[in-house]
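What follows is a set of notes on a single structure, which appears directly below.
The values are calculated or read from the model by the stated rules, or taken from the named source; none is laboratory data. Just so it is clear, the model here is predicted, and its values are computed rather than measured. Here the Cβ is made from the backbone with ideal geometry for all residues, glycine too, and neighbour counts use every protein chain on show.
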Amino acid sequence: MTLRPEYDFSKATKNPHAAQPKKQITIRLDEESIQYFKSLAAETGIPYQSLINLYLRDCAASRRTIDLKWT
């Protein structure tokens, strides 16, 4: 397949997502957490996996920690 000469990419913009590659992993989440993010996804129109990523990125950026106390 070849490009036609009439295509003009001189004003094309760089893909902003290309600078932030994502790595596919397997993670186990409880059903309640998944349903929570799926309900947010339905409200916002953002895929639930993207919402989980945004939340985790915000936690990492703000250096949020969990206070775990084992008894």
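Here ASN15 clears all of (1) modelled with pLDDT under 95; (2) not in a loop (DSSP other than H, G, I, E, B) except the condition numbered (2). Among the residues making up the range 26-42, a single one is in contact with a helix residue (DSSP H, G or I) (Cβ under 7 Å, 6 or more places away or on another chain) and either part of a loop (DSSP other than H, G, I, E, B) or of a type in the set (Gly, Ala, Ser) (or both): ALA41.
Please enumerate the residues belonging to the range 51-71 that are in a loop (DSSP other than H, G, I, E, B) and over 17 Å from SER33 (Cα atoms). Full working, then the answer.
Kept after step one, since they are in a loop (DSSP other than H, G, I, E, B), are these residues of the range 51-71: 62-71.
Residues satisfying the conditions are SER62, ARG63, ARG64, THR65, ASP67, LEU68, LYS69, TRP70, THR71.
Looking only at residues of the range 54-63 that are surrounded by 10 or more Cβ atoms within 10 Å (Cβ to Cβ) and among the charged types (D, E, K, R), we find that the one that is nearest to PRO21 (Cα to Cα) is ARG57.
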